[in-house]
Amino acid sequence: MSAAPIIDVRGVRRSFRVRQGLFAAPRHVAAIDGVSFSVGAGEVLGIVGESGCGKSTLARVILGLLPPSAGEVLVDGQRVADMDRRARARLIQPVFQDPFSSLNPRRRVRDVVSMPLDAQGDVPAAEARRRVDEMLARVGLDPSMGERYPAELSGGQRQRVAIARALVLRPRIVVCDEPTSALDVSVQAQILNLLAELRDALGLTYLFISHNLAVVEHVATEVAVMYLGRIVERRETSALFGAPAHPYTKALLASVLTPEPGLGIPDTGLGDAMPDPSNVPPGCSFHPRCPVATARCRVDIPATARVAGGQSDCHLL
Amino acid sequence: MSRLLEVEALEVSFGAASAVRGASLALDRGETLCLVGESGCGKSVTALAVMGLLARNASRGAARLSFDGQDLRGLDERGMSRLRGNRMAMIFQEPMTSLNPAYTVGSQMAEVMLRHRGGTRAAAMARAEDLLGRVRITSPAMRLGQYPHQLSGGLRQRVMIAMALMCDPELLIADEPTTALDVTVQAQILRLLLDLQKDLGLAMLLITHDLGVVARVAHRVAVMYAGEVVETAAAADLFARPTHPYTRGLLACVPVPGKVARGAALGSIAGVVPRLGPGFSGCGFRDRCGEATAACGGTIARASAGEGHDYLCRLPPGWRAGAGAAP
Amino acid sequence: MKALRDIGLASGAAIVGAAVLVAVFAPLLVPHDPFAQDLSRRLLPPFWMEGAREGHLLGTDQLGRDYLSRLLYGARISMLIGIATTVASGLIGIALGVAGGFFGGRIDDAVLFAITARLSIPLILVALAVVSVVGSSLTVVVMTLGLLLWDRFAVVARVSTMQVRNLDFVAAAWAAGCSRSRIVLREILPNILSPLAVVATLEVALAILLEAALSFLGLGVPPPLPSWGLMIAEGKDYMFFSPWVIMIPGVALFVLVFGINLLGDGLRNLLRTGRVA
């Protein structure tokens, strides 16, 4: 890893007020609860976890779209919360999951891609036009596509437009929140290849959020596993997939269905209990589902332990 | 094993657009057939056509469409609804939209039983409770009184499965049953389906786009593309010797941990799925196929690549890339 | 069903289109000066009745003014009031609704309170009170109705804004460094216009009817302006012997409001079936 991290997340916590009944007092539910990590320039950090684990909230906090309730996020050495919105946009950009809701249906593709340039306020129209054409070509779209509306494009083409919009300012970091989950298998492969190619060509750093572990294994250099708002394991990709340390990581990996016939459906060993962010269990929050939990796990919050190629939070390490 | 479902040359069109173009399927008792393909390939429409649940503006035609020897083509709506939910049941991707939010789980499950089999409400409730336990829902008696919104996604899908089983169906059609679920829950639901199938001798038509699911649960696989079944084979055979160029392309698109080198480019299929009208002839995949020649515009015969393995392409079994393109 | 809806939309559009054309070109279309009195030709019947005179297709009123000319000028008043009122109330309602839906929190609470307060005001009574205190004129009627009819705009704008605000393309605009006003004007507003267009047609119809009611009560536009409501009011003393004096503006009012509602329903169906994005 390179010396200075380009993303530095320090003890970030983000909670939401929820009201569970008409007369109930509002409660604070922590979507992310004390997350710290850093990412070196040029790396791809994969973030995996089940729905409700806080991975999308984390993406929004890092993008500066949600202020953290506690802690801070530094991007390229500056606090995201304090940055000028234009400067932040030049540094970090998102690609979202659903290519149908991530493009304004009322604007032509050209205007969608040009929007970050227009927001800068100092890019001349001719220059913006040139950069939009160049970016469209770069993501594999014909510049004539620029005149179309999103509704006229396929899912894969829309996701290319979303990538063009994210890259038109030449940011250094792209936060990809489930970028291929809504796409067909063959289109997913096209988009993953495109993202890899752009990363090499433009020297990008990716934060790659996905629930698809096979995809994360393929693209990420390092992987963080989230459970109920916390990172329970963070390691180099090959170390994590080769010898998962945390019981939750083991269960996640076991449930990946690779296209290899005859292996059957694995038993994950997880019970029926579903993680509920509004009712986080005491001790290790994973203990109700953990097949190897001990009495201690129900009481004490596990400390972070070093394991080969990274770290993990589990009493049994 | 005996044939339970036979579909031959199924055609479904919506106005000028063909959704299914001559698809044929056969399903034995106790067998799992996976219908795999990308969105718009006609796999869900095929299932709906079998269940007689197509939208009003659809027109359906088939050379053969029979369930346990009974011809479904001439059956009216009353005859179909006697079969549906009774001898053939269906579960969908999003259980929330197929459960009525205004009724409790128990009353919805009992309703299915009372409609088809009659009997007392108490007996139906007892059966519902039994089945909820069977789909491994803890404290089933308590769940009977709950409303759909009080359940998690995985629990709702279990309830849907239990509801589908109320009348001991012979055929279960599952349309992307685990697509909306987390991977851990997906594994649990699929295990459950496989166990139930073994115990009850169910025939299962599982529709999915996920090749991982196909590989792990299917006995036989039918690959659909642009409304046609382009390749059918036993699951092991299909993954070992994929023959249609589309099947090969699809398999190359999936990253497999430990098999595909990390960071290496994945295989991909250029272009997009075409929308074909009724007059289309020749191979529907030829515009995206690396091996296509002028001959692909003509009629393509179904070829055999071994016992129970056939495909719709003019290339010989075991062809190699580039070999077919030679003039 | 679909064909029936399309016929409804087409006839609604035709009626409204015709009314707009008549309103715009009224000075060119009228056969007579609508204000010119001729007491020798009072209460002439329209062409289909006995005693009709050449040149007065729809007869004359109690002051001998040409009824067709007054009717065409009346369309002008009705459309002017309908559209001006809707523009005024639309601006107020959309501004309030978008503000509430976009900012949420305290601002939204305030907007909701304003909507609730407005809904508890009896419309006609307040309009009557204002007009009788301030005096009646076209401007006063438009202002009064404009200040009263914004509630539906606000409700629809608020809910639509809340839906659009959470879509990913708005998040992308924030991340792209767009300013708040840019996001409201370029990303959110264009995507809530369709439902607001439907509201606007309904409000035009409502404003036209309210103006007619106010004018009938003598508190709308002042005479001698030929408002349809005023024409009905002026004709009511003669209705037993000359029923056409209230029938003709009454039918005109009905047809126009019916046409506007058909157009609104048609638009709503178009939007619901997604034939217009």
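Overview of values
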| item | result |
| --- | --- |
| Evaluation of C:Phe254 against (1) modelled with pLDDT of 80 or more; (2) farther than 12 Å from C:Ala212 by Cα; (3) of a type outside the set (Ser, Thr, Tyr); (4) out of contact with any helix residue (DSSP H, G or I) (no Cβ under 8 Å at 6 or more places or on another chain) (one fails), failing number | (2) |
| Subset tally (residues that are hydroxyl-bearing (Ser, Thr, Tyr) and either crowded, with 21+ Cβ neighbours inside 10 Å or in contact with a helix residue (DSSP H, G or I) (Cβ under 9 Å, 6 or more places away or on another chain) (or both)) for region A:285-317 | 2 |
| Residue among B:Gln197, B:Gln157, B:Gln146 that is surrounded by fewer than 22 Cβ atoms within 10 Å (Cβ to Cβ) and touching a residue at least 60 places away in the same chain (Cβ under 8 Å) | B:Gln197 |
| Residues located in region B:268-285, provided they are surrounded by 18 or more Cβ atoms within 10 Å (Cβ to Cβ), in contact with a helix residue (DSSP H, G or I) (Cβ under 8 Å, 6 or more places away or on another chain) and either among the aromatic types (Phe, Trp, Tyr) or more than 7 Å from chain A (Cβ to nearest Cβ) (or both) | B:Cys283, B:Phe285 |
| Selection count where residues are in contact with a helix residue (DSSP H, G or I) (Cβ under 8 Å, 6 or more places away or on another chain), assigned to a loop (DSSP other than H, G, I, E, B) and surrounded by fewer than 18 Cβ atoms within 10 Å (Cβ to Cβ), scope region B:56-92 | 1 |
| Within region C:179-206, considering residues that are polar (S, T, N, Q) and more than 26 Å from the chain's Cα centre (by Cα), the one nearest to C:Gly101 (Cα to Cα) | C:Ser181 |
| Some residue of region C:49-61 being of a type in the set (Lys, Arg) and modelled with pLDDT of 85 or more | no |
| Test: residue in region A:184-197 that is facing chain B (nearest Cβ under 10 Å) and in a loop (DSSP other than H, G, I, E, B) | yes |
| Number of the condition not met by B:Val223 [criteria: (1) more than 21 Å from B:Ala23 (Cβ to Cβ); (2) modelled with pLDDT of 90 or more] | (1) |
| Of all residues in region A:265-284 being touching a helix residue (DSSP H, G or I) at 6+ places or on another chain (Cβ under 6 Å) and at the interface with chain B (Cβ under 7 Å from one of its Cβ atoms), the one that is nearest to A:Cys53 (Cα to Cα) | A:Leu270 |
| All positions within region C:162-172 that are in a helix (DSSP H, G or I) and surrounded by fewer than 24 Cβ atoms within 10 Å (Cβ to Cβ) | C:Met162, C:Gln163, C:Val164, C:Arg165, C:Asp168, C:Val170, C:Ala171 |
| Pair list, Cβ < 6 Å and 6+ apart or interchain, from region A:240-256 residues that are assigned to a loop (DSSP other than H, G, I, E, B) to residues that are at pLDDT 90 or above and among the charged types (D, E, K, R) | A:Pro244/A:Lys250; A:Ala245/A:Glu233; A:His246/A:Glu233 |
| Some residue of region A:77-84 being closer than 28 Å to A:Thr180 by Cβ and surrounded by 14 or more Cβ atoms within 10 Å (Cβ to Cβ) | yes |
| The listed residue being farther than 21 Å from B:Ala218 by Cβ, small (Gly, Ala, Ser) and in contact with a helix residue (DSSP H, G or I) (Cβ under 8 Å, 6 or more places away or on another chain), out of B:Gly22, B:Gly30, B:Gly52, B:Gly40 | B:Gly52 |
| Answer residue from region C:181-190, given it is farther than 19 Å from C:Val87 by Cα and without any contact (Cβ under 8 Å) to a residue 60 or more places away in the chain and is farthest from the other protein chains (Cβ to nearest Cβ) among those | C:Ser181 |
| Single residue of region A:91-103 satisfying the filter (surrounded by fewer than 24 Cβ atoms within 10 Å (Cβ to Cβ) and facing chain C (nearest Cβ under 8 Å)) that is farthest from A:Ser51 (Cα to Cα) | A:Ser101 |
| Residue identified as in a strand (DSSP E or B) and in contact with a Gly (Cβ under 7 Å, 6 or more places away or on another chain) among A:Gly34, A:Gly46, A:Gly42 | A:Gly34 |
| B:Leu48 vs. criteria in a strand (DSSP E or B) and modelled with pLDDT of 85 or more | no |
| Residues satisfying the stated conditions in region B:294-318, i.e. under 21 Å from B:Ala252 (Cβ atoms) and hydroxyl-bearing (Ser, Thr, Tyr) | B:Tyr311 |
| Flag if A:Arg165 is buried (at least 20 other Cβ atoms within 10 Å of the Cβ), among the charged types (D, E, K, R), within 14 Å of chain B (Cβ to nearest Cβ) and part of a helix (DSSP H, G or I) | no |
| Any hit, region C:245-260, residues being farther than 24 Å from C:Ala197 by Cα and part of a loop (DSSP other than H, G, I, E, B) | no |
| Answer residue from region B:117-143, given it is under 21 Å from B:Gln197 (Cβ atoms) and in contact (Cβ under 8 Å) with a residue 24 or more places away in the chain and is surrounded by the fewest Cβ atoms within 10 Å (Cβ to Cβ) among those | B:Arg136 |
| Residue that is nearest to B:Glu231 (Cα to Cα), among those in region B:288-317 that are more than 26 Å from the chain's Cα centre (by Cα) and either at pLDDT below 85 or not in a loop (DSSP other than H, G, I, E, B) (or both) | B:Cys296 |
| Hits in region A:211-227 (condition: crowded, with 24+ Cβ neighbours inside 10 Å and in a loop (DSSP other than H, G, I, E, B)) | A:Ala220 |
| Residue selected from region A:120-155 under the condition in contact (Cβ under 8 Å) with a residue 40 or more places away in the chain and assigned to a helix (DSSP H, G or I), by the criterion farthest from the other protein chains (Cβ to nearest Cβ) | A:Arg138 |
| Of all residues making up region B:229-267, the number that are in a loop (DSSP other than H, G, I, E, B), within 11 Å of another protein chain (Cβ to nearest Cβ) and modelled with pLDDT of 80 or more | 9 |
| Verdict on C:Leu63 being crowded, with 20+ Cβ neighbours inside 10 Å and over 22 Å from the mean Cα position of the chain (by Cα) | no |
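The values are calculated or read from the model by the stated rules, or taken from the named source; none is laboratory data. On a predicted model such as this, the values are computed, not experimentally measured, just so you know. We place every Cβ from the backbone using ideal geometry, glycine too, and count neighbours over all the protein chains shown.
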